[in-house]
Each structure stands twice: as C-alpha cells, then as structure tokens.
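Here the structure is laid out as structure tokens; the discussion comes afterwards.
Here, each number is a calculation from the coordinates, and none is a lab measurement. These figures come from a predicted structure and were not determined experimentally. Cβ placement follows ideal geometry from the backbone for every residue including glycine, while neighbour counts extend to all protein chains displayed.
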C-alpha cells in the first residue's frame, strides 16, 4: 500500500460522492430525499470497503481500476453513453421525488436494495476470481483465460453483476422512470462485449476455445 494510491482512491470516491449527491439532491430540490441517502449508503460504503480490501490484498488491481482510460474508439463511445445514461437516470430520480410523479412503494425499494447488495457481493467475487480485471478493454501481460467459478457459468460475470447493480438503482431511488432509463445499459454492454470479445479472441490464447465451452455471456440460458 502506498500513500499516493490511498489518496487517489479516497479522492475518486469523494468526487464520485459529491457528483452523485448533486445529481440527486439538486433536482430533488431538497436534501431530505430518503431514497437518495439510501442509495448513497449502499453504493459508497461497500465501495469504500472494497477499496480498502484491494489496497491491502491486491494493490495492483486497485491501481488498474483507478487508472482506467479506454484506448479503443468503440469503447470510448460506450463510456460516453453510460455516462449520459447515469446522469439522466439520477436527475430524473430527483425530479421524480420533487414532483411526486410516480413514487415506487417501500416493498419495491426493499427488493431493489436486496438485489443491489447481492449484485455487489457477486461483483466482489468476480474481482477475487479474476485478478486481470481492468476497466478498459485490453489483453495484459501474462494474462490467461479464467474458466472456473462464475467464469465457468457465464463469460462475463462482471457484466452480470453490474447489470443487476445498475437496473436496481432506479428501484432503490423510488423512480420507475429511472429504472426504464437504466435498462438502456443492456444494449450498451452488448455493444461493449462484442468489441471486448473481438479483442480477446485476437490477443488472448485459448479464448476461442473458452467461448465454445461457456455458451452464455451474462445470464445462463438467457443471454
């Protein structure tokens, strides 16, 4: 662990927290938006804990995930589309609360929280299984195909986790409109995976054989 890495991680979390708060509470017209605070707690507390764990157990992985910058032109488009999706979903959630358009019931929010936390646990397990994970599309030095654990079920368990993480956010925020906006993540990751698999097939030994072995990308028997 280095002081520089620690400060970099804390800075990114704080910037994310501030931006997230602005996108939610400014449109809501108040800081008294319970679902907004709930979302902040279940998003940033596990994120902070995961960062601490990686800092002590796998600082190289943390460094890779902090210093991510896409080189693939197609992936830059995906990142931009994802950013637009999140900004729109959070602003709409705040406006939904402010103007009481369609507030989801508490039982739906509870289900959303459970799905979100289970997806976070899955996300952590994927990080544990695959130390080559990066936020960018690339083939790393000495990288090998991981085909055990969750990778023996679907080829992209990280996207499985983020899919459920993101679509549950709208429910946690109490906004059906935000939920619908976040469904656009499905075509976005579909586009990302097409490019990612092309890169891996060309540069990672054994990936074509792995594709023939593990048929599904994200959800078993579905996708």
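Restricting to DSSP H runs of at least four residues, report the calculated mean residue ellipticity at 222 nm for the chain, -39500 (n - 2.57) per run over all residues, nearest 500 deg cm²/dmol.
Working: 9 runs with 158 residues, N = 223.
Helices in the chain give a 222 nm mean residue ellipticity of -24000 deg cm²/dmol.
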Subject >> Most fluctuating residue given options 45, 115, 87, as computed from a GNM of the chain linking Cα atoms under 10 Å >> reply: 45
**OP:** Using every pair of alpha-carbon atoms in the stretch 83-223, split the distances into 5 Å bins beginning at 0 and state the percent of pairs per bin, rounded to integers.
**Re:** 2, 10, 17, 19, 18, 12, 10, 7, 4, 2, 0
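Got a sec? How would 147, 60 order by Cβ neighbour count within 10 Å, fewest to most?
Numbers: 147 14, 60 10.
So the residues, fewest neighbours to most, are 60, 147.
If we count other beta carbons within 10 Å of each Cβ, what is the order of 184, 168, fewest first?
The order, fewest Cβ neighbours first, is 184, 168.
If I take every Cα pair under 8 Å that is 6 or more residues apart in the chain, average their sequence separation and divide by the length, what percent do I get for the relative contact order? Please report the intermediate quantities before stating the final value.
Numbers: 245 pairs, mean separation 58.5, N = 223.
The normalised contact order for the chain reaches 26 percent.
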Original post:
Could you give the angle, 0 to 90 degrees to the nearest 10, between helix 106-129's Cα long axis and the longest principal axis of the Cα atoms of the chain?
Top reply: 20 degrees
Original post:
Helix 157-172: angle to the longest alpha-carbon principal axis of the chain, degrees 0 to 90, nearest 10?
Top reply: 0 degrees
Original post:
Could you list log10 I(q)/I(0) for the stretch 158-223 at q = 0.18, 0.29 Å⁻¹, which the Debye formula gives when each Cα is one point scatterer?
Top reply: -0.74, -1.25
Subject >> With Cα atoms, 0 to 90° folded angle of helix 3-28 axis to the chain main axis >> reply: 40 degrees
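Quick one: order 216, 185 by neighbouring beta-carbon count within 10 Å, fewest to most. Working shown, then result.
Details: 216 14, 185 22.
Fewest to most other Cβ atoms nearby, the residues stand as 216, 185.
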Subject >> Inter-part distance where the stretch 27-61 and the stretch 185-221 are each reduced to a Cα centre, Å >> reply: 29 Å
